[in-house]
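What follows is a single structure, written as structure tokens, with notes after it.
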Amino acid sequence: MPSDPGFAAGLTVGISTLGARADGIVLPRPEPSVFYDILVQRPGAASSLEGLYADLCGGRDDVRVLPLDGQGVAASRNAALDAARTPYLLFGDDDVTLDLAGVRRLWAVLRDDPALAVVTGRRTGPVPARYAGQGHSLRLWNTAKTATPEILLRVAPVRAAGVRFDTGFGIGAPHPLGDEYVFLTDALKAGLKGRFEPIAIGDHPDDSTGTDWSDPVLLRARVAVLRRVFGPLAGPMRLAFALKNRHRLKDAYGGTVGGVLGFALGRVPDSR
């Protein structure tokens, strides 16, 4: 393993991975002030940790491989937040190809505005329809489309506010989506300020979990996410969400009207 250089400045990219997927990670070439933490759950399923250290860290002081106990992507994100040794942190996934020019542009937005604790960008690839083509402040109702590898934050205020990923949400959790939305809205509720900028910071080659609207497990997770974020207002928000996504809900509920009504009432079809 490389020695700890005691980073005092810069940006950490915290890349979450699982088992043998770690063997496929390809990092950008070293660049000044950009560092990488590879957070490996189920490390025993990787070909070998020694091989990972050699492949990813060999001759590089900008990379650490951090084996983790437990499971769930939200727990891995929390470990990235705890482990970061730089003032800024970008969350990453093992299947996202980083665009470091875009990362630096988004990072500059955060550095240049001390009032901001979080900025979000966008990915390229087969991702759902994104935000409008202009920047805007983050609010409870406009952050649901954000993916975790689009989140770049200022570490100190997030830690000070005690904001963490809810381990009940995300892949490997009882509700396998929504962890990033819950995280961002928790940050906003804690008084932290965030902003979206339409800056591409990486490419994601595959569809995300959130594109599946027919799986009852994911529908149940969406109901839980809205309850977690909006509390007593979850009912009206489910209705608004159902109306906006009525065509996506049609197949799962056997019709557009049934989908809107069922989801608005928090009812989910039986699992397949």
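Some notes on this structure:
- Restricting the calculation to Cα atoms, the chain yields a radius of gyration followed by a Dmax of 19.0, 60 Å.
- In a reduced charge model with +1 at each Lys and Arg Cβ and -1 at each Asp and Glu Cβ, the chain shows a dipole moment near 1340 debye about its Cα centre.
- Heavy-atom accessible area for Lys193, with the other protein chains in place and a 1.4 Å probe, reaches approximately 120 Å².
- Sulfur and carbon atoms: percent of accessible area, the chain [1.4 Å]: 54 percent
- Only lysines eight or more places from Lys189 in sequence, or on another chain, were considered; those with a Cα closer than 27 Å are Lys145, Lys244.
- Once all protein chains are placed together, Trp107 keeps about 10 Å² accessible to a 1.4 angstrom probe.
- A crude spin-label estimate for the pair Asp113 and Leu140, with each label 7 Å from Cα along the Cβ direction, gives 2.1 nm.
- Reduced Cα scattering model of the stretch 157-215, Debye log10 I(q)/I(0), q = 0.12, 0.19, 0.20 Å⁻¹: -0.40, -0.90, -0.96
- You can think of it this way: the chain between Asp23 and Ala161 has 46.2 nm of extra reach, that is 0.36 nm per residue less the Cα-Cα gap.
- Using a probe of 1.4 angstrom and keeping all protein chains present, the accessible surface of the stretch 154-272 works out to 48 square angstrom per residue.
The values are calculated or read from the model by the stated rules, or taken from the named source; none is laboratory data. Everything numeric here is computed off the predicted structure, so don't read it as measured data. Quick reminder, even Gly has a Cβ in these numbers, built from the backbone with ideal geometry, and neighbours come from all protein chains shown. Quick note on the areas: whole protein, heavy atoms, side chains included, nothing else; ligands and nucleic acids left out. Shrake-Rupley method; radii C 1.70, N 1.55, O 1.52, S 1.80 Å.
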